[in-house]
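Colleague: One structure coming up, written as structure tokens, with questions to follow.
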Amino acid sequence: DPSSSSLTQSSVAPELPGFYYDSEKNRYFRLLPGHNNYNPLTKESIQYKAMECKRLRLLEEEEKQKKKTTRAGLNSSALLQKRQLGLLSSTSYCRLVHELKVNCMQRRKIEIHSPDSSVAGTNNFKIIVADVACERIFTVNDVEHGGCKYGIINLSGLGKESLAVEMYDNLYFTNRKVLWEKFLFALTHFSKLCLMGIAETPGCASLLPASLFSSTNPGDRPGMLCSFKISTAWSCAWCLNPQADNCFSTGLTRRVLVTNVVTGHRQTFGTSSDVLAQQFATQTPMLYNGCRSGEIFSIDVRQRSRKGQSWKAIRLFHESAVTSIRLLEAEHYLMAADMAGKIKLWDLRTAKCVQQYKGHHNEYALLPLHVNEEEGLLTAVGQDCYTRIWSLQDAQLLRTIPSPHPSSKDAIPSVVFSSRLGGSRGVPGLLMAVKQDLYHFSYN
């Protein structure tokens, strides 16, 4: 944490305006320009140097495997003994085993193969998202001459010793630069369609058949590309509830737009703030929205648009802009993250916060949350480029993973975690995409 370095400095020596105290050299250095109007020392450069030293130190510790268990007495033999004695239920046993394994994951770089040799390793990853079965990864990559392209990575090769995966590009790519904070996407439950959009004016949300990413002959690929003109969009979500089938929502500036892709019918709900995060419930036709104002509210999409905001069913409040929301499986709880770096677990039945997950770092970016209930884990990548994993049950920080690349705004990792990467018989672990590289943190 950069703030910890400033606290350390102030405790050792008093802070003087215009000067920086170097604890190693035990002296002050001038921050203001000197007689030659050249000063290599700035607060930003000092902070970056401290962060980079910490990152390199953590990487070195990972290489040496200097790992400590996050809970006293947590080891495989002790867990197995408690399970055999009936002191642990099967659910608790599996959850604690995952905590133990996550704490010992080892990083390995993945070799990416592609039918087109010019595809693999030539463009920076922006986003990676797994389908529901975790058999494939949907990717967004930068293009050198501007814009982005989309592809799918087949993860079947992860279980082999070579640790190689195959990547396929589709026929379409955007002709404009897509910002990390403003790329909108959602995968349907059956991974047959991809919903994506560009947060520029004029913008659009497009439906891409997953068959466009097929590894078969390009001539056999269908040419369907369904686009809906939508301007100033911040977020989007696809509805999986049968009562509002074939619908998707987009969070816009001060309004929510629900569109039926078959009929083209649209419903508009006015809001008092920009909608930055969205997710549909699956058991009920409810849409949950997180706003720039910090408000989280739900909409029953079966009702018609009304004036005012009397249609808001559940209302929760954060102190900062909400950047990501995730419903838990039973849909009684909702996880939300904001631009103050706070992650809270809300009980929707009582509208109260029941848990907070500390350590996340964010100030302005739209960063996603990754909830894995089966493993009992919460994963999030901070603006400081650290990937943090918490216990979903008691909010204990289990592990902090430094990025293999130096921290920067354009090098924030994108991650996917699953106990079955590559399908039902896949391998457990964490996938991390940074710059042009893809890494696999495998269970030891």
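The values are calculated or read from the model by the stated rules, or taken from the named source; none is laboratory data. All figures in this text were calculated on a predicted structure; none of them were measured in a lab. Heads up, the Cβs are rebuilt from the backbone with ideal geometry, glycines too, and the neighbour counts pull from every protein chain shown. In case anyone asks, the SASA skips ligands and DNA or RNA and just uses the protein heavy atoms, side chains included. Shrake-Rupley method; radii C 1.70, N 1.55, O 1.52, S 1.80 Å.
Colleague: How about region 334-364: which of its residues are open to solvent by 10 Å² or more (accessible area, probe 1.4 Å) and aliphatic (A, V, I, L, M)?
Modeller: Within region 334-364, Met339, Ala340, Leu345, Leu348, Ala351, Val354 meet the criteria.
Colleague: If I ask for residues that are at pLDDT 80 or above and β-branched (Val, Ile, Thr), which ones from region 133-145 would you list?
Modeller: Within region 133-145, Ile137, Thr139, Val140 meet the criteria.
Colleague: Would you point out the residue of region 376-387, among those that are outside any loop (DSSP other than H, G, I, E, B) and under 11 Å from the mean Cα position of the chain (by Cα), that is nearest to Ala330 (Cα to Cα)? Reasoning before the result, please.
Modeller: Pass one, region 376-387, residues outside any loop (DSSP other than H, G, I, E, B): 377-381, 387.
Of the ones still in play, those that are also under 11 Å from the mean Cα position of the chain (by Cα) are 378-381, 387.
Values: Leu378: 16, Thr379: 19, Ala380: 21, Val381: 25, Thr387: 26 Å.
Looking at the filtered set, the residue picked out is Leu378.
Colleague: Within region 232-254, track down each residue that is part of a strand (DSSP E or B) and either out of contact with any Phe, Trp or Tyr (no Cβ under 6 Å at 6 or more places or on another chain) or open to solvent by 10 Å² or more (accessible area, probe 1.4 Å) (or both).
Modeller: If the condition is that a residue be part of a strand (DSSP E or B) and either out of contact with any Phe, Trp or Tyr (no Cβ under 6 Å at 6 or more places or on another chain) or open to solvent by 10 Å² or more (accessible area, probe 1.4 Å) (or both), then Ala233, Trp234, Ser235, Cys236, Trp238, Cys247, Ser249, Thr250, Leu252 are the ones that fit.
Colleague: Continuing with the same structure: Among the numbered conditions (1) open to solvent by 60 Å² or more (accessible area, probe 1.4 Å); (2) under 26 Å from the mean Cα position of the chain (by Cα), tell me where His265 comes up short.
Modeller: (2)
Colleague: Of the residues Ser77, Ser92, only one is at pLDDT 80 or above, within 23 Å of Glu373 (Cβ to Cβ), open to solvent by less than 100 Å² (accessible area, probe 1.4 Å) and not in a loop (DSSP other than H, G, I, E, B); which? Spell out the reasoning first.
Modeller: Numbers: Ser77 fails: within 23 Å of Glu373 (Cβ to Cβ).
From the options Ser77, Ser92, the qualifying one is Ser92.
Colleague: In addition: Out of Arg420, Arg399, report the one residue that is assigned to a strand (DSSP E or B), of a type in the set (Lys, Arg) and open to solvent by 30 Å² or more (accessible area, probe 1.4 Å).
Modeller: Arg420
Colleague: Looking at this structure, is Leu397 farther than 26 Å from Glu135 by Cα and either among the aliphatic types (A, V, I, L, M) or in contact with a Cys (Cβ under 8 Å, 6 or more places away or on another chain) (or both)?
Modeller: yes
Colleague: Also, quick follow-up: Against the condition in contact with a Phe, Trp or Tyr (Cβ under 8 Å, 6 or more places away or on another chain) and modelled with pLDDT of 80 or more, how does Cys104 come out, does it pass?
Modeller: Here the answer is yes, as Cys104 does meet what is asked.
Colleague: Here are the criteria: (1) open to solvent by 10 Å² or more (accessible area, probe 1.4 Å); (2) within 29 Å of Cys53 (Cβ to Cβ). Tell me which single one Ile389 does not satisfy.
Modeller: Exception for Ile389: condition (1).
Colleague: I'm trying to understand the selection: among the residues of region 406-417, which are open to solvent by 40 Å² or more (accessible area, probe 1.4 Å) and touching a helix residue (DSSP H, G or I) at 6+ places or on another chain (Cβ under 7 Å)?
Modeller: Pro406, the sole residue that qualifies.
Colleague: Does Ala330 meet the test of being assigned to a loop (DSSP other than H, G, I, E, B), surrounded by fewer than 23 Cβ atoms within 10 Å (Cβ to Cβ) and either at positive phi or without any contact (Cβ under 8 Å) to a residue 24 or more places away in the chain (or both)? Talk me through it step by step, then tell me what you get.
Modeller: Values: assigned to a loop (DSSP other than H, G, I, E, B): yes; surrounded by fewer than 23 Cβ atoms within 10 Å (Cβ to Cβ): yes; either at positive phi or without any contact (Cβ under 8 Å) to a residue 24 or more places away in the chain (or both): yes.
Yes.
Colleague: How many residues does region 311-327 contain that are farther than 24 Å from Glu375 by Cα, open to solvent by 10 Å² or more (accessible area, probe 1.4 Å) and assigned to a strand (DSSP E or B)?
Modeller: Qualifying residue count, region 311-327: 2.
Colleague: What residue, of Glu319, Glu331, is under 27 Å from Gln355 (Cα atoms), touching a Gly at 6+ places or on another chain (Cβ under 7 Å) and acidic (Asp, Glu)?
Modeller: Details: Glu331 fails: touching a Gly at 6+ places or on another chain (Cβ under 7 Å).
Result of the check over Glu319, Glu331: Glu319.
Colleague: OK, next. Please find, within region 423-443, the residue that is farthest from Ala50 (Cα to Cα) out of those that are in a loop (DSSP other than H, G, I, E, B) and of a type in the set (Gly, Ala, Ser).
Modeller: The extreme case among them is Ser424.
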